[in-house]
Amino acid sequence: MKHIRIVMVRENMEDIPQYPLPEGYRVRLYRPGDKDTWVRLQWDFDSLVKGVEKFDKSFGYNLPALERRCFFLVAPDGQDVGTITAWYSQNYHGQRWGRIHWLGIVPEHRGKRLSKSLMTVAMNCLKVAGHRRAMLGTHPDRIPAIRTYLDFGFSPDMTGRNAEQGWKMVRETPLHNKNNQLTCN
Ligand SMILES: CC(C)(COP(=O)(O)OP(=O)(O)OC[C@H]1O[C@@H](n2cnc3c(N)ncnc32)[C@H](O)[C@@H]1OP(=O)(O)O)[C@@H](O)C(=O)NCCC(=O)NCCS
């Protein structure tokens, strides 16, 4: 299922949900040398992913921006256990967009609404950086992530080549349909 890519968009940056971090957790910015941290975390999220290639392709053309835009979630014991990047796309549908990129939390820390706290941090960052709209790419099997993105006001972009097929797959996935949020129109 993973080869189908779907896109979600948010046409404005108003009323970003503000989820505080649970007690003991904190967020830190990317520092020089954190490529290894990022790659290790991607391995924890999904061992099929080639983290080094993904990092280089996603960020290699603007490494300094990571120090303002890439965040790590730090657990109460001081371990880095998640990441999100408030990135950008120079030309999507002819416009510049903020872009939510590579959200992930290690399995031991999932299910605590931490993805929402990370989304708050990243969306606030995009807004402060001057972005007026935001987009992201994901896959139909990423149901927890899609639910979080819906909660943050993202909606399916139905203009893409695989959009109809991809969102049909999402709708047919068990647990997708809380409050009928995934009705695509
Ligand atoms: C996506 C991810 C970051 C979510 O992190 P998390 O902190 O565990 O998620 P949360 O606890 O904030 O829950 C987010 C939503 O998903 C739901 N959810 C959590 N686990 C779920 C599961 N196993 N099945 C279905 N829904 C689930 C939650 O109920 C919540 O939705 P709701 O608010 O509508 O109830 C995490 O699952 C992950 O790292 N996955 C692997 C990497 C990935 O898929 N990244 C996204 C790439 S686009």
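The values are calculated or read from the model by the stated rules, or taken from the named source; none is laboratory data. None of these values were measured; they are calculated from a predicted model. Every residue, glycine among them, receives a Cβ derived from its backbone with ideal geometry; neighbour counts consider all protein chains shown.
Quick notes on this one:
- Condition broken by ILE146, with the remaining ones in (1) β-branched (Val, Ile, Thr); (2) assigned to a strand (DSSP E or B); (3) over 22 Å from LEU29 (Cβ atoms) satisfied: (2)
- Looking across the stretch 149-177 at every residue that is part of a loop (DSSP other than H, G, I, E, B) and without any contact (Cβ under 8 Å) to a residue 60 or more places away in the chain, the one that is farthest from ILE105 (Cα to Cα) is identified as ARG161.
- Residue that is nearest to the ligand (Cβ to nearest atom) [pool: residues in the stretch 119-145 that are aliphatic (A, V, I, L, M) and within 9 Å of the chain's Cα centre (by Cα)]: ALA145
- Looking only at the stretch 74-102, residues that are within 17 Å of ARG26 (Cβ to Cβ), of a type in the set (A, V, I, L, M) and within 9 Å of the ligand (Cβ to nearest atom) come to 1 in all.
- Cβ-Cβ under 8 Å pairs, at least 6 apart or on other chains, the stretch 113-130 side in contact (Cβ under 8 Å) with a residue 60 or more places away in the chain and under 12 Å from LEU21 (Cβ atoms), far side more than 7 Å from the ligand (Cβ to nearest atom) and assigned to a helix (DSSP H, G or I): MET119/TYR149
- Residue in the stretch 151-166 that is under 16 Å from the mean Cα position of the chain (by Cα), within 25 Å of ASP15 (Cα to Cα) and hydrophobic (A, V, I, L, M, F, W, C) present: yes
- Per-region count, the stretch 41-74, residues at pLDDT below 95, in contact with a strand residue (DSSP E or B) (Cβ under 9 Å, 6 or more places away or on another chain) and exposed (fewer than 14 other Cβ atoms within 10 Å of the Cβ): 1
- Among residues of the stretch 122-136, those that are outside any loop (DSSP other than H, G, I, E, B) and crowded, with 17+ Cβ neighbours inside 10 Å, counted: 8
- Yes/no for ARG110 being among the charged types (D, E, K, R), away from the ligand (no atom under 11 Å from the Cβ) and surrounded by fewer than 17 Cβ atoms within 10 Å (Cβ to Cβ): no
- Among the residues of the stretch 59-97, those that are assigned to a helix (DSSP H, G or I) and more than 13 Å from the chain's Cα centre (by Cα) comprise PHE59, GLY60, TYR61, ASN62, LEU63, PRO64, ALA65, LEU66, GLU67, ARG68.
- The set of residues in the stretch 36-64 that are in contact (Cβ under 8 Å) with a residue 12 or more places away in the chain and farther than 15 Å from LEU103 by Cα contains only VAL52.
- Every residue from the stretch 161-171 that is surrounded by fewer than 16 Cβ atoms within 10 Å (Cβ to Cβ) and either of a type outside the set (D, E, K, R) or under 15 Å from TYR92 (Cα atoms) (or both): ARG161, ASN162, GLN165
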